Each structure stands twice: as structure tokens, then as C-alpha cells.
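Working notes for the structure below.
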Amino acid sequence: MRLSRIYVWSQSIMLTAEASNNSSYTTQAGYSLFIPFKGQCRLRFAEWDIKETANVAYLLPTATPIEVHNAPGLPWSAFLIEFESILRLQNGDETLIDPLAPSRPVALRVSPFYRLLKLAEEIHLQSRTEEDSLADRYLVHARFQELISMLLKAVEENKADAEDEAVQAVSKTIAYINNHFATEITHTRLAELAGLSLRHYSRIFRQLTDQSPIDYLIGKRIDEAEKLLLVSGNSIQDIAGMSGFHDPFHFSRSFKRQRGISPRLYVNLRKERSRLVTYQYLGEMLALGIKPVGAPKLLLAGGYFRGLAEGIKETGMSVVMPYMDKLTELKPDAILTFDGHHYSQYAKIAPTLDVSWSKPAFDRFRLLADRLGKLKEAEAWLLDYREKAESVRVKLSEYVKPGQTVSFFWARGLPRSFQVYYDMELLYDDLGLTAPEAVRHVQAISHPFKNDIPVSELRSYAGDHMFIVISRGRRAQHLFQQWRLDQTWNELPAVRNNQVYLLSEDWLREDPISRMGQLQDIINIMQASRTGLSRV
């Protein structure tokens, strides 16, 4: 391995001072190692005062004035070894950093110290000899290189110790933030408390918290504001001041950036007996034990909501067709919508939460639960669901044999087309069933969650088991019955093997309540198919 730098000994001097005497010296070469070994004194290297410590050597910058203020009683002595770097190898366009060229005096605990002192003494004695052979001079340089090796190791250990001390100092400032977050705190002040540069302080702070100091400080203030919002009853302006923000506008912006909603909406979603209206997430709220005061008619008609939705007022025909007059009459504390539908209109009536529908169903459930302060309840529900899904998965093996595929359709668009579902999470994710190859091909790329396909292509998407939703309307029922007479339909393997399962529109719902109901029903549906086409 090539050396990036070579050091060559220049000269060795033994500095001495009688008892109670002061002395001074200025280093000459580019590198100097100062090794006190007798007596006690107070040292001053340039503008740095140092109280001498036993078994410590000092690495000094170029041209460093040394002042020795000797203690009474004993004479004082030290070795000063001066040396140079005669070769610098380039690494690309950058010169490698020199570990023995400090910008200020550095105290080093070199171990074992007695060996360092022995080497310094031998180098000094040999330097006093005028008649020596080339072999003797090489022996001195060999001892010097051993000394350099000890120095380099000590520098590495010193850096590690210094980094540990810096980490401890930054940790103390984190504790300071935790206890004084409501006071005036700046990045510069925190770095000063730690005794570090801004850059060094920020690097360690991010390593410890994965945040910048200011983001961490704002986070602690937001945590405190959350508590005050729910229990204090104080105004937004008062809470902003109590948690360390200068003004309510900065507080509101910071709160929304960190929590995703405004302080007012946060309170209205979480407070006891809050009057909530939802235009999409009824099943999610019911699963969390929250009963809204209003929801659209089509949501309330969900078959799996029977016994759970009594008393909830109709505030619209569908999730995108609100009754604004009835909504206003209910005087809600907050309104829940999705994908921005009617957001500006709703927001004029009450603070409004907008949750994206594009997320997977259970991700939406968790997000909504978090906004409502019910995340623990959501996780408990999901754990129960996963356990039930595993039990159903085992039972399904009696009906869906290894290698068989499962597909999900909505008989919508007949007589020309069918709707195939690519993202039927209950079947493909929760129960681990396999989709037909044509569906898997679409699943592997960016795709919509469903698509219209011509009935002539149905065979490609049809699995060994077919789940088909039939709408309640008379026309939809008639069109499907007509389609069942078609030869294309009757040639499908699932039809020939009596493995087609007819479902209600409740199976199009993805909310937790409906999902649990579907999970509990699927075995009964497949059992019923053994005696003929099943229907839910």
C-alpha cells in the first residue's frame, strides 16, 4: 500500500528551565511535537493557555510561540521534535488532508507514553552525535518513523474521542430544546452551547435525530401545541405563544406542514362529540367507533352497514352529489371529502379534511385514523382483520386448488363489455389468490384499478374462479340473464365447473366494515356454488 505522505525528522531539542523560572521558545519547522517529561508548569502555546497534564504530548502548528511558567520546587524539561513532510501524493485533483498539521495546539494521549518518551530520548541523543554511520542515521529515522506511527494512531483516537465529546455536547442541547422549546432558541445559540461550528453541529444533530435543529425545535413546539389544543380551551393565538411561536400565522403554517391539517381542523376532528359529516369514508369511521351526523344516501345504503348507520342524516345523493342545504342545517364541526370534491364549498361551512382516494384502502384507513386521533384503534382493527384473513385463507384451500386463478368483474356495459378489476385487494392481497395471466400482466405495470373489456376478450381475463358483481337494477339483471345464454359465456371453464359467484354491489366497497363482511362471506358464497350459482 502506498503512503500518501512521508515525514522526515528535522531536529530534536531538549528544553529546560530551573525551578520558578520562566522560559520561551518558538517552533521553526512545519511540524512540532512537544513532550514534557519532568517537573510541573503552566504552558502557553501562542494565545492558548494549557495546564500541563501528565503523560500528554502536544502537536503544534508552524511557528508556535511556547511559554513555560515553571512551578516552584523542581526544574522542568521537555523534548521538542521538529520534522517535515517531504512528499505529498495527489488523489485526483485534491491533496490529501495532513493529520499532523493542526490549526491549533492539540493534546495527544500517546500510548504507551513511556515508549514515546524512550523514542524521543534516543532520537535526541543520536542527534547530538557528530560522528555516526549511515546505518546509525537510518536507525534514528527508523525510530522516528515508529514515533510517527504512534502519533498517527493517537490522532485517530483523539478524533474519535473528540467526536464522542461532540455527540455528547449535541445530545445535551437536544435535552435543552426539550426543556426550553417555548423560549427564544436559534441555530447559532445551540451550536455555541455545544462548542461546535454550525456545520459540525448540524451534521451531528441530523445523525442523532434525522432532522435539522430548527425542524426538531418546531416539532417539539407542535407536539406541545397538540396537547394544548385538545385540553386547554385557549385560543389559537394563545396556544401559539405558549408553545413558542411568535405569531399565530407562523404557528398555523408550521402545524399544517407537520400534521397535514390546520390547528382548527385538528381540534374539530378529535374533540369529544364532534359533529362530523363524511362524503366517502363512512365505513372507516364506523370501524373506528365514530358515528358521523351525516353521509350521502348511497353510502348509507351499504349492506354491511346494517345496524351501524341508524340515525345518520342524508347529506347527499352520492359521494359527489351533496345536499348543500341539509349539510348547512346540520352545522357540522368538520367535513370529510376526497380528491378535492366540493372542497371550497364545504370549507365555507366547516373546516374540511380532504383525503386522497388513490391510496390503497388500508393506507387511507390509517391516514384517516391518524387525523381523527384513532390510530391505535385502527391498528387493533387491522390486526384482528389480518388474523381472520389468515383463517379464511386456510379454509379457501379447500375450494381454490394450487395453480388455479381467480378473477373479479362487474357486469357493467353488457351486452358489449365487462369491467375487469385489476386491484381487488381482498382477493389478491389479503387472501393471496392468483389472478389470470392477462390480469397479472396489467398489475405489473402502471395501471387503473379497473377497465372495460369487450365481451369477446372475457375469456383471457376469466380465471378458474370468477366473482361477478351484478347491479340491483332490473335492466342490469335482465342483460346479465341474457348474456348467460350466450355460447361464449357457457364455454368459460369457471361456468362449466360451476365456479362462478354472483355478488351484490356491496362487494365494490373497499371500506373496513365492508371488507370484513366480504371476508366473512366468501366461504359461504363458495360453498353455495356447489349446488348452483351463488348470489349475495
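Please treat every number below as a calculation from the coordinates, not as lab data. All values derive from a computational prediction rather than experimental measurement. Reconstructed Cβ throughout: ideal geometry from the backbone, glycine too, with neighbour counts over all protein chains shown.
About the Cα centre of the chain, how large is the charge dipole given +1 on each Lys and Arg Cβ and -1 on each Asp and Glu Cβ? Please answer in debye to the nearest 20.
Working: 65 positive and 64 negative charges, 510 e Å.
It comes to approximately 2440 debye.
Can you tell me the length gained on complete extension of the stretch residue 447 to residue 382, counting 0.36 nm per residue apart and subtracting the Cα distance? Provide the component values of the computation, followed by the final result.
Details: separation 65, 0.36 × 65 = 23.40 nm, distance 2.64 nm.
So the extension gain works out to 20.8 nm.
Would you work out which of 451, 252, 76 lies farthest towards the positive end of the dipole of the chain, given +1 charges on the beta-carbon of Lys and Arg and -1 on that of Asp and Glu, about the Cα centre?
Going by the Cα projections, it comes out as 451.
How big is the Cα convex hull of the chain in projection, averaged over all directions, in nm²? Can you show the working numbers first?
Details: hull surface 161.8 nm².
Across all orientations, the chain yields a mean hull projection of 40.5 nm².
At a Förster radius of 22 Å, what calculated FRET efficiency corresponds to the Cβ-Cβ distance of residue 114 and residue 24, to the nearest 0.05? Please report the intermediate quantities before stating the final value.
Working: r = 28 Å, r/R0 = 1.28.
Once the sixth-power term is evaluated, E becomes 0.20.
Which of the lysines could be linked to residue 159 by a straight reach, that is with a Cα gap under 30 Å, when you skip same-chain ones fewer than 8 residues away?
Result set, ordered by chain and number: 38, 51, 118, 172.
Enumerate the whole-percent occupancy of each 10 Å bin, from 0 to the last occupied one, for all C-alpha pair distances of region 216-259.
Histogramming region 216-259 at 10 Å steps yields 34, 62, 4 percent.
How do 4, 358 line up, fewest other C-beta atoms within 10 Å first? Walk me through the intermediate numbers first.
On the way: 4 15, 358 9.
Ranking 4, 358 by Cβ neighbours within 10 Å, fewest first, gives 358, 4.
Separation between the residue 169 and residue 156 pseudo-spin-labels, each 7 Å from Cα along Cα→Cβ, expressed in nm?
2.4
At 222 nm, what helix-only mean residue ellipticity would the chain give, in deg cm²/dmol to the nearest 500, using -39500 (n - 2.57) for each DSSP H run of four or more?
Details: 20 runs with 229 residues, N = 536.
Result for the chain: -13000 deg cm²/dmol, rounded to the nearest 500.
Arrange 412, 221, 484 by Cβ neighbour counts within 10 Å, fewest through most, would you?
Exposure proxy ranking, most exposed first: 484, 412, 221.
Work out the length of the dipole vector of region 393-535 about its Cα centre, built from +1 on the beta-carbon of each Lys and Arg and -1 on the beta-carbon of each Asp and Glu, and round it to the nearest 20 debye.
Values: 17 positive and 16 negative charges, 98 e Å.
The dipole magnitude comes to about 480 debye.
How long are the three semi-axes of the equivalent ellipsoid of region 5-151, in whole Å, if each is the root of 5 times an eigenvalue of the C-alpha gyration tensor, listed from largest down?
On the way: eigenvalues 136, 80, 34 Å².
Three semi-axes, in Å: 26, 20, 13.
Taking only Cα atoms of region 103-215, what ratio of Rg to Rh do you get with Rh as the Kirkwood inverse-distance radius? Intermediate results must be reported in sequence, preceding the final value.
Working: Rg = 22.4 Å, Rh = 17.5 Å.
Radius of gyration relative to Kirkwood radius: 1.28.
Compute the helix-to-body angle for 375-396: its Cα long axis versus the longest principal axis of the chain, expressed 0 to 90° and rounded to tens.
60
Among 291/401; 256/331; 227/291, which pairs are too far apart, with a Cα-Cα distance over 30 Å?
291/401
Could you give me D for region 167-217, from Stokes-Einstein at 20 °C and 1.002 mPa s, where the hydrodynamic radius is the Kirkwood radius over C-alpha pairs? Units µm² s⁻¹, please. Before the final figure, lay out the partial values.
On the way: Rh = 10.5 Å.
D = 204 µm²/s.
In region 165-182, whose amide N lies under 13 Å from the spot 7 Å out along Cα-to-Cβ of residue 250? List them in ranges.
Taking a point 7 Å out along Cα→Cβ of residue 250, the residues of region 165-182 whose backbone N falls under 13 Å are 182.
Can you return the lysines within cross-link range of residue 450? Criterion is Cα-Cα under 20 Å, with same-chain partners fewer than 8 residues away left out.
359
Quote the Stokes-Einstein diffusion coefficient, in whole µm² s⁻¹, for region 393-535, based on the Kirkwood radius over alpha carbon pairs, a temperature of 4 °C and a viscosity of 1.567 mPa s.
Translational D for this selection: 84 µm²/s.
Mind pulling the angle between the C-alpha long axis of helix 213-231 and the longest principal axis of the chain? Nearest 10 degrees, somewhere in 0 to 90.
40
Of 232, 205, 396, whose Cα points farthest to the positive end of the dipole of the chain (charges on the beta-carbon: +1 Lys, Arg; -1 Asp, Glu; origin at the Cα centre)?
Positive-end residue among those listed: 396.
Enumerate the aspartates and glutamates that residue 348 could reach by cross-link, defined here as Cα to Cα under 18 Å, with residues fewer than 8 away along the same chain left out.
Here the aspartates and glutamates satisfying the reach criterion relative to residue 348 are 325, 329, 333, 339.
Suppose we keep just the DSSP beta bridges with both residues in the chain; what percent of those would be antiparallel, to 5?
Of the beta bridges lying entirely in the chain, close to 70 percent run antiparallel.
Rg(Cα) of region 322-463 divided by 2.2 N^0.38 Å? Could the numbers behind the result be given before it?
Working: Rg = 19.7 Å, N = 142, 2.2 N^0.38 = 14.5 Å.
That works out to 1.36 for region 322-463.
Ranked highest first by the average count of other Cβ atoms within 10 Å around their residues, in what order do 297-304, 440-447 fall? Please list the in-between numbers first.
Details: 297-304: 17.9, 440-447: 10.8.
Most protected by this proxy first, the peptides run 297-304, 440-447.
I need the calculated FRET efficiency for the pair residue 482 and residue 301, taking r as the beta carbon distance and R₀ as 25 Å, to the nearest 0.05. Each step should come with its number before you reach the end.
Details: r = 26 Å, r/R0 = 1.06.
The computed FRET efficiency comes out at 0.40.
Considering the dipole of region 312-426 built from charges on the beta carbon (Lys and Arg +1, Asp and Glu -1) around the Cα centre, which of 338, 367, 407 is farthest to its positive end?
407
Restricting to DSSP loop positions (anything but H, G, I, E, B) with no more than 13 other Cβ atoms inside 10 Å of their own Cβ, which GluC sites (Glu not before Pro) remain in region 141-207?
Values: sites: 146, 156, 157, 163, 165, 184, 192; in loops: 184.
Passing sites in region 141-207 are 184.
Specify, per residue and in Å³, the volume enclosed by the convex hull of the alpha carbon atoms belonging to region 267-373.
Working: hull volume 9.7 nm³, N = 107.
Given the Cα convex hull of region 267-373, per-residue volume reads 91 Å³.
Apply 1/(1 + (r/R0)^6) to the Cβ-Cβ distance of residue 199 and residue 85, taking R0 = 30 Å, and write down the FRET efficiency to the nearest 0.05. Present the calculation step by step, with values, prior to reporting the outcome.
Working: r = 27 Å, r/R0 = 0.90.
Using R0 = 30 Å, I get an efficiency of 0.65.
Any idea what log10 I(q)/I(0) is at q = 0.10, 0.12, 0.19, 0.20 Å⁻¹ for region 174-259, Debye with uniform C-alpha scatterers and no solvent?
So the normalised log intensities work out to -0.26, -0.37, -0.83, -0.89.
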